[in-house]
1. Taking a ≥ b ≥ c as the square roots of the eigenvalues of the Cα gyration tensor of the stretch B:270-310, is the shape rounded (a/c under 1.5), prolate (a/b larger than b/c) or oblate?
2. What share of all Cα pairs of the stretch B:132-270, in percent, falls into each consecutive 10 Å distance bin?
3. For helix A:235-244, what angle does its Cα long axis make with the longest principal axis of chain A, in degrees from 0 to 90 and rounded to 10?
4. Could I have the simple spin-label model distance between B:Asp297 and B:Thr48, label points 7 Å from Cα toward Cβ, reported in nm to one decimal?
5. What helices does chain B have that are whole DSSP H segments, at least 24 Å long along their own axis by Cα, and with mean Kyte-Doolittle hydropathy of 0.5 or more?
6. Sticking to Cα atoms, compute the Rg of the stretch A:111-238 to one decimal and its Dmax as the biggest Cα-Cα distance, whole number, in Å.
7. I need the Kirkwood Rh of chain A: take the reciprocal of the average 1/r across all distinct C-alpha pairs and report it in angstrom.
8. Evaluate the stretch B:97-141: find the radius of gyration of its Cα atoms, find its Kirkwood radius, and give the ratio Rg to Rh.
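The values are calculated or read from the model by the stated rules, or taken from the named source; none is laboratory data. These figures come from a predicted structure and were not determined experimentally. FYI the Cβ positions are ideal-geometry reconstructions off the backbone, even for glycines, and counts take in every protein chain you see. All accessible areas refer to the heavy atoms of the entire protein, side chains included, with ligands and DNA or RNA removed. Shrake-Rupley method; radii C 1.70, N 1.55, O 1.52, S 1.80 Å.
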Amino acid sequence: MKILVGAKRVVDPNVKVRVSADGTGIDAEHSKMSLNPFDENAIEEAVRLKEKNPNIEIIALSIGNEKSIDVLRTAMARGCDRAILVFSENNLEPIMVAKVFKHIVKQENPEIILLGKQAIDDDANQVGQMLAGMLNYPQGTFISKLQIDDNKVIVAREMDSGTETLELKLPVVLTADLHLNEPRFIKLPQLMMAKKKPIEQLNFDDLGISYKESTVLLQAYDGEIKKSCKMLDNVEQLIEVLKEKKAL
Amino acid sequence: MQVLIITTQNGVKTNLPNLFGAARILANECDVLVVGHELTDVVRDVATYSLVKEVLQLDHANLKHLLAENIAPTIAQIVKNYTHVLIAADAFGKNVLPRVAGILEIGQISDVTDILSSSVFKKFMYAGNVLVELSALEDIKLLTIRTSNFDVVEDRSSTLALITQVSYDGVNDDRVKFLTEHNSYNPVDLSSAKIVVTGGRSLGSKEAFDSHIRVLAQKLNAGVGASRAAVEAGYANNDCQVGQTGKVVAPNVYLAIGISGAVQHISGMKDSKTVVAVNTDPNAAIFEHADYGLIGDLFEVVPTLINRIN
């Protein structure tokens, strides 16, 4: 069985992102970069499945320039068997990412495509669902539990008020919620081993797709709102505030 | 400009008036597609809103569980008649609309917080650190809407809007089977609550979370929220999580109890009208995002507050 996982290179979640001086984008040139945290959950889950079933092969896919090799090495240190880098200098929107994944799925025929539910840069939460729509595959989104049962998977999905459990026939597209698992720490020998694992490099021409934009960024602003906080002395004053704001 | 809102039985009860608030910025009228099963009463209710020109009823036993595989192909056909498609950025909208976009191979904009023109939309990126204005190039604008950012529009008309049954091919995708659902007991819906009480990891146990945060919320008729750390520690269910990866709320009053104020949390509550924070640490980041702050031990402050309300 093959599992295809996604590995996006994003600004590290602990870095405070700044808008560039001209307001046309993000100043991320010198920021620390990481593997998208939701992709870590997806990869961790794939590795846990492989630990139970050694016949599983895990392939990690990233799209970007040669710097994305870093996150593919991380993915392989986490237990992916091999990796594919589809080369692009452009910052791709979800619909383009889904198109690239579709071509790799046609090439590799994985039974499970396991992605993070969103990337923490654009926070779009689209690629998995788009890919499932393009391929006409069943989709299990925002999953917090996964179990393989022969040619099916059983997944628990995080909903607005609780969870629902679905049974989906393979091949499927799944997207991981943070509650799916706790990704393990990588040990040094695994990092060394990852350097020996193969990375196949492809470009858009190899896949026969052309780059297209569906949106243009007109302006970026600092999204943080700082307030001037009025400090209260005691609970009585807190109650007065709640009364004034009609919460009491 | 042809605007379509897509909603469900639950959506009509919760966020439809906010979707009207978004639709009204674009046009003077819109159509509403209601998806699900046994929708006769719901559809009649929708038809009484003034803004509605036509209600499309997509009603079939196979759609009871709102599975994206069964719904998306039909929606992908319907949206071709529209320039703008609006759906709430809740679990249903986030699951279904990108699948529709995938079928049509067009882009989508997620979590729209403002509409500046027929093709320019605002949304947050990077856990709310960055706000962007995007110009949408697709002919059909597929938008998930952060409903708490839009005004409630609930004017009713004395005449019913036209109600049309949408034909559904009735093919059930047998690759997908709904097994069970577990509904959490949330007496007040968090996303639409007027008051929200949120607790963090400093509560220390589920028992303390329940006896402090839940009891206070009950007294105030408020929704119960939790930080990611509190959810991961098991003090509250995942559906209580407020933040980048959880729910986005914008109540009149947001009461943050023992919340440190990580940027991922702030992104889920920054549009609250009044934020009141209680924390022992005077340097906690939450105070930078609060209107009122009280430095104190929540285990003293909350019981006193509950007593005084009693």
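1. oblate
2. 10, 30, 24, 22, 12, 1
3. 90 degrees
4. Between B:Asp297 and B:Thr48, the label points sit 5.3 nm apart.
5. Qualifying helices, which must be both long enough and hydrophobic enough, do not occur.
6. 21.6, 69
7. The answer is 19.9 Å.
8. Looking at the stretch B:97-141, the ratio lands at 0.99.
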